[in-house]
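Student: Questions regarding the structure given below will be posed in turn.
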Amino acid sequence: MTNDVVRVEELRKVYDLGEVQVEALCGVTLSIRRGEFVAVMGASGSGKSTFMNILGCLDRPTSGRYLLEAKDVSTMARDELASIRNTRIGFVFQGFNLLHRMSAVQNVELPMLYGDVPKTERRKRAVESLTAVGLGERQGHHPNQLSGGQQQRVAIARALVNRPAILLADEPTGNLDSRTSVEILELFQRLHRDGATIVMVTHEPDIAEYCSRQIHFRDGELVDDRSNPRVRDAAADLAAMPPPHRRA
Amino acid sequence: MTLADVLGTALWSLSRSRTRTGLTMLGIIIGVAAVVSVVSLGQGAIANTEADISAMGINLITVSPGAKMSGGFRTTGVTTLVPDDALAIRSECPAVANVSEGVKTTAQAIYQQKNASTTVEGGSDEYPLVRGWRLSSGGFFGPEQVRQAAKVCVIGELIREKLFGSDEPIGRILRVNRVPLEVIGVFAPKGQTSSGQDQDDVVVVPWTTGLRRIIGAKHLNSVLLSARSAEQVPKAVEQVTSLLERRHRIPPGGENDFSCQTQREVAEAQEAATLLMMTLVSVVALIALFVGGVGVMNIMLVSVLERTREIGIRMAIGARSRAVMWQFLGETVVLTSLGGLIGAALGIGVAHLIPVAIGWPTRVTAAPVVVSFLFSAAVGLFFGLYPAYQASKMDPIEALRYE
């Protein structure tokens, strides 16, 4: 038994496009330990999206093994994967992906709806989760009444509400201005200090500087994997920034 | 996901787009309302027919000339029934209580400047007994007046109203086909029969007067008679039949040139016709309901496509295929059931409105309400299945990328 949350071995993904076969991942081997904050980098077409989809159990590898918390999920059926996504994985997307006609708290309750959590406990845990990301008093707001940063916080609260083993963030600051981006990173760093395992895709090197480990993909291969000796402190950066002119 | 979650999610989704939900439900609402109101109308007509028979007396037997044919049609213009037949029935059939020679024509009834087209019926002095009709004023003609072909008449309430208004009709003279008739009585109002004939729109004269003075014929249109009791009806029919067979010299096994119809048979024929009509219209309404279901499926397919991203999000955070399936199926079933409920309420409302608005009787029973509601729910289940299946088999990655 290791301390690995994620262990992938010779992970391969081939897309069959009829005449041609595209190899999106060609044999990736990697481990992510509990409590790491990993930046996944690479140009588009490098295979990082495919890697994240497999990591998030949205897709299955063509070959190779994927152990999530020592459990082999690479051969699981569709519904088993749904259950893994529900309980062990939290997703944060670039476009927030909240349901628009639902209030913040209803959005956060959604994963528990599919996890058979009793109704009374759902609301309690959703409020707790929203409070943890600093939105305790905005639970009744709808996404269109919230700023981009606040929407992303709701999405993070939703991702965390079922206490997943790993938080997967796909360009979480891509739609945000620089100050709000640092705010979100500050939140990730806080969660990380509290023990969360986070894997974040980004193509911006200065965003990756807030992570403790950086991995690079190129042409479907893992070309670089190193720990970041000087992790930037988002809280300190935020303090050094000029105060915001406008907050929605 | 529990059932409450499925229903809650469905109601939430439907309330997001009220206009679309309303329009989609409309087909179901109209279908169910049509079924409920049509069946109520049919039930009302049948109940009314039943009431008619008891009002007219289940003892009533009508002897008509010409053979009885299937489906209640009868050849008309047959001249085989004559006044002597009625006389013979009177003297030779012990199960028969009262007999009235029947003569019938339509004519103009004229009083001063007013006139009305009406049914003129001839009868014997036993006519009110046979039909069970009562008078509201005046009296009826007696056997002597029948023998003399007296120029007297008893009028229905509608004729009294049309021709005399607020005037006292008794003792006045009205003319039918230029024959002056003294009004000696007025029937108590009876209303319409279930076949839509107004029983108050009538002028009754002695049958002799009708035949000789008004029509100018020698044969009867019918003989109305009543059995001594309800139990005696079959015996009376038997006696009359064998008597007339003998009198008309019908060979054994030959086809009779007359027919006996009891009130029960008349009612049954009428009920059968009503039932057939009701069934036909209900089938059309059910087809409308089905077409409404196709509309629902269409909208749900569009809805599934529109909400691809929502489906992707739900799948990413852990919704299983079945949960997505249940979500959309639940939505369709809730939609059509709600439509069914509204339609049933509307149908019951219409069923209560029809008697007030156009005077047709209705009777609301539980069966059509329950059946059409269940049918609409079943329509939702059936037509929701395909869109829900489409939603459930989406690929979460592609669904999330959908713009």
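Student: At a threshold of 8 angstrom on Cα-Cα distance, excluding pairs fewer than six apart, so keeping six or more, what relative contact order does the stretch B:79-256 reach in percent?
Tutor: Relative contact order of the stretch B:79-256: 32 percent.
Student: Now for a different question. Apply the Karplus parameterisation 6.51 cos²θ - 1.76 cosθ + 1.60, with θ equal to phi minus 60°, to every residue of the stretch A:151-163 and state each ³J(HN,Hα) to the nearest whole Hz, in sequence, with x for glycine and proline.
Tutor: Result, rounded to whole Hz: 4, 5, 5, 4, 4, 5, 4, 5, 5, 8, 5, 9, 6.
Student: Related question: Distance between the C-alpha centers of the stretch B:211-255 and the stretch A:103-169? Whole Å please.
Tutor: Cα centroid to Cα centroid, the span is 89 Å.
Student: Rounded to the nearest whole Å³, what is the per residue volume of the convex hull around the Cα atoms of the protein assembly as shown?
Tutor: 262
Student: If packing is taken as the average count of other Cβ atoms within 10 Å, what order do B:101-111, B:249-259 fall into, highest mean first?
Tutor: The most tightly packed comes first, giving B:101-111, B:249-259.
Student: Next up: Rounded to the nearest 500 deg cm²/dmol, what is the calculated helix-only ellipticity per residue at 222 nm for chain B, with -39500 (n - 2.57) per DSSP H run of length n ≥ 4?
Tutor: Numbers: 11 runs with 212 residues, N = 403.
So the calculated ellipticity at 222 nm is -18000 deg cm²/dmol.
Student: For the stretch B:79-256, just the Cα atoms, rotate onto the principal axes and tell me the three extents in Å, largest first.
Tutor: Reported extents, whole Å, longest axis first: 56, 33, 32.
Student: From the helices alone, meaning DSSP H stretches of at least four residues, give me the mean residue ellipticity at 222 nm for chain A, per-run term -39500 (n - 2.57), in deg cm²/dmol to the nearest 500.
Tutor: -10000 deg cm²/dmol
Student: Another question about this same structure. Tell me, what HN-Hα J-couplings in whole Hz come from the Karplus equation 6.51 cos²θ - 1.76 cosθ + 1.60 at θ = phi - 60° for each residue of the stretch B:165-179, using x for Gly and Pro?
Tutor: Listing the rounded values in order: x, 8, 6, 6, x, 5, x, 7, 10, 10, 10, 10, 6, 6, 8 Hz.
Student: Under DSSP H, which helices of chain B have Cα atoms covering 30 Å or more of the helix axis and a Kyte-Doolittle average no less than -1.0?
Tutor: The answer, listed by residue number, is B:18-56, B:263-306, B:321-358, B:366-392.
Student: Once the Cα atoms of helix A:104-113 and of chain A are each reduced to a long axis, what angle between those two axes, in degrees from 0 to 90 to the nearest 10, is obtained?
Tutor: Orientation of helix A:104-113: about 40 degrees from the principal axis.
Student: Now for a different question. Using Cα centres only, tell me the gap between the stretch B:380-398 and the stretch A:1-37 in whole Å.
Tutor: With the stretch B:380-398 and the stretch A:1-37 each reduced to a Cα centre, they are spaced 31 Å.
Student: Give the long-range amide H neighbours of B:Ser137: residues separated by 5 or more places, or on another chain, with amide H under 5 Å away, using H modelled in the peptide plane at 1.01 Å from N.
Tutor: B:Val186
Student: Once Lys and Arg get +1 and Asp and Glu get -1 on their Cβ, which of B:Gly123, B:Ser242, B:Ser136 lies farthest toward the positive end of the dipole of the protein assembly as shown?
Tutor: Result: B:Ser136.
Student: If you place +1 on the Cβ of every Lys and Arg and -1 on the Cβ of every Asp and Glu, how big does the dipole about the Cα centre of chain B come out, in debye to the nearest 20? Don't skip to the end; give the middle numbers.
Tutor: Numbers: 35 positive and 33 negative charges, 109 e Å.
Its charge dipole is roughly 520 debye.
Student: Hey, could you get me the Stokes-Einstein D for chain B, Kirkwood radius over alpha-carbon pairs, 20 °C and 1.002 mPa s, rounded to whole µm² s⁻¹?
Tutor: The estimated diffusion coefficient comes to 83 µm²/s.
Student: Just to verify a number: FRET efficiency for B:Leu374 and B:Asp198, C-beta to C-beta distance, R0 = 41 Å, to 0.05?
Tutor: Details: r = 40 Å, r/R0 = 0.98.
Here the calculated transfer efficiency is 0.55.
Student: Okay, moving on. Among B:Val350, B:Val324, B:Thr365, pick out the residue whose Cα is farthest towards the positive end of the charge dipole of the stretch B:312-403, where Lys and Arg carry +1 and Asp and Glu carry -1 on C-beta, about the Cα centre.
Tutor: Checked the options; the winner is B:Thr365.
Student: Under a Cβ-only charge scheme (Lys and Arg +1, Asp and Glu -1), can you give me the dipole magnitude of chain A about the Cα centre, in debye to the nearest 20?
Tutor: Roughly 940 debye, rounded to the nearest 20.
Student: Greater than 28 Å separation of Cα atoms is the criterion. Which listed pairs, B:Lys104/B:Lys151; B:Lys151/B:Lys218; A:Lys71/A:Lys124, meet it?
Tutor: The pairs that break the limit, which is 28 Å between Cα atoms, are A:Lys71/A:Lys124.
Student: Picking from A:Ile156, A:His203, A:Val223, whose Cα lies most toward the positive end of the charge dipole for chain A (charges on Cβ: Lys, Arg +1; Asp, Glu -1)?
Tutor: Positive-end residue among those listed: A:Ile156.
Student: GluC sites (Glu not before Pro), restricted to the stretch A:1-81: which are DSSP loop and have at most 11 other Cβ atoms within 10 Å?
Tutor: A:Glu19
Student: Say R0 is 22 Å: what FRET efficiency, to the nearest 0.05, do A:Ser44 and A:Arg12 get from their beta-carbon distance? Mind dumping the intermediate values first?
Tutor: Working: r = 20 Å, r/R0 = 0.91.
Approximately 0.65, to the nearest 0.05.
Student: Rounded to the nearest 10 degrees, what's the angle between the helix A:178-193 long axis and the longest principal axis of chain A, both from Cα atoms, 0 to 90?
Tutor: 70
Student: Measure nothing fancy, just the Cα-based angle from helix A:119-132's long axis to the longest principal axis of chain A, in degrees from 0 to 90, nearest 10.
Tutor: Orientation of helix A:119-132: about 90 degrees from the principal axis.
Student: Nearest 0.05, what FRET efficiency do A:Lys119 and A:Leu30 give at R0 = 56 Å with Cβ-Cβ as r?
Tutor: Efficiency computed from Cβ-Cβ geometry: 0.90.
Student: Would you calculate the separation in nanometres between label points at B:Ser166 and B:His352, each defined as 7 Å from the Cα along the Cα-to-beta-carbon direction?
Tutor: 3.7
Student: Now, a different point. Tell me, what is the percent relative contact order of the stretch A:58-208, built from C-alpha pairs under 8 Å that lie six or more residues apart?
Tutor: 27
Student: Right, another one. Would you work out the charge dipole size for the protein assembly as shown about its Cα centre, treating the Cβ of every Lys and Arg as +1 and the Cβ of every Asp and Glu as -1, and quote it to the nearest 20 debye?
Tutor: 840
Student: I need two numbers for chain A: Rg to one decimal and Dmax as a whole number, Cα atoms only, in Å.
Tutor: Here Rg and the maximum Cα pair distance are 18.1, 56 Å.
Student: Which distance in nm do the two modelled labels at B:Arg212 and B:Ser242 give, with both placed 7 Å along the Cα-to-Cβ direction?
Tutor: Placing both labels 7 Å beyond Cα along the Cβ direction yields 3.5 nm.
Student: Working out 0.36 nm times the residue gap between B:Gln148 and B:Thr365, then minus their Cα-Cα distance, what length gain in nm do you get to one decimal?
Tutor: On the way: separation 217, 0.36 × 217 = 78.12 nm, distance 5.36 nm.
Once the chain is fully extended between B:Gln148 and B:Thr365, it gains 72.8 nm.
Student: In the structure displayed, which of B:Lys162/B:Lys190; B:Lys114/B:Lys162; B:Lys190/B:Lys235 lie more than 18 Å apart, Cα to Cα?
Tutor: Details: B:Lys162/B:Lys190 16 Å; B:Lys114/B:Lys162 8 Å; B:Lys190/B:Lys235 29 Å.
Among B:Lys162/B:Lys190; B:Lys114/B:Lys162; B:Lys190/B:Lys235, the Cα-Cα distance tops 18 Å for B:Lys190/B:Lys235.
Student: At 37 °C and 0.692 mPa s, grab the translational diffusion coefficient of the stretch B:258-403 from Stokes-Einstein with a Kirkwood Rh over Cα pairs, rounded to a whole number in µm² per second.
Tutor: In µm²/s, the coefficient rounds to 180.
Student: Could I ask something else about it? Could you work out, residue by residue across B:305-318, how many beta carbons of other chains sit within 10 Å of that residue's beta carbon, and then give the average as an integer? Before the final figure, lay out each step's value.
Tutor: Working: counts 0, 0, 1, 0, 4, 5, 0, 3, 10, 6, 7, 13, 18, 19.
For this peptide, the per-residue mean of nearby foreign Cβ atoms is 6.
Readers should treat all values here as calculations from the given coordinates under stated rules, not as data from a laboratory. All figures in this text were calculated on a predicted structure; none of them were measured in a lab. No Cβ is skipped: glycine too gets one built from the backbone with ideal geometry, and neighbour counts run over all protein chains shown.
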